[in-house]
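Enquirer: Here it is, the structure in full.
All of the numbers you see were taken from the coordinates with simple rules; none came from a lab. Here the structure is a predicted model, which is why all the values come from computation and not from measurement. All Cβ positions, even for glycine, are placed from backbone atoms using ideal geometry, and neighbour counts span all protein chains on display.
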Amino acid sequence: MAEEDVTEEKMLNLEDILKGVRLKIDNAFAEVIRRDEMKDVYYEALFKLEKLSTRRVLRILRESGGSHRFTDIRRLVVCSPTTLNIALDELIREGLVRRVDGRYQAVSPDWFVQNARAR
């Protein structure tokens, strides 16, 4: 491009560049704050779980990732079917676990918060 083709209108001045950078930084901070708030809501729900067996079931599901059959979870948690059923029912009711094709899966903080707002 020849020098005569470059006009002042086409060139960004330093002030415009700084405004653009500030906007991107503000958006990034807003996203960090949004994610922190979502984690706070999620962890608040976790701390409400009173039963040790329920917290253990959720920990196993979160650490193992993916979805699991009832019998697989029972083998990992080592508890009675009744205890596991009560724990899974509570976790589903609280929105911390969901059923996927007959299997159980821990939800992410993002998924939890989006569904909690929809309720």
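Enquirer: Which of ARG103, ARG22, ARG93 moves the most in a Gaussian network model of the chain with Cα springs under 10 Å?
Expert: ARG22
Enquirer: Choose one answer from GLU31, GLU94, GLU15: the residue with the largest mean-square fluctuation in a GNM of the chain with alpha-carbon springs under 10 Å.
Expert: GLU15
Enquirer: State to the nearest 20 debye the size of the charge dipole of the chain about its Cα centre, where the only charges are +1 on K and R beta carbons and -1 on D and E beta carbons.
Expert: In total the dipole reaches around 1560 debye.
Enquirer: Further question on the same structure: What number, rounded to the nearest 500 deg cm²/dmol, is the helix-based mean residue ellipticity at 222 nm of the chain, given -39500 (n - 2.57) per DSSP H run of at least four residues and division by all its residues?
Expert: -22000 deg cm²/dmol
Enquirer: How large is log10 of I(q)/I(0) for the chain at q = 0.16, 0.18, 0.22 Å⁻¹ when the intensity is taken from the Debye formula with one equal scatterer per alpha-carbon?
Expert: -0.79, -0.93, -1.19
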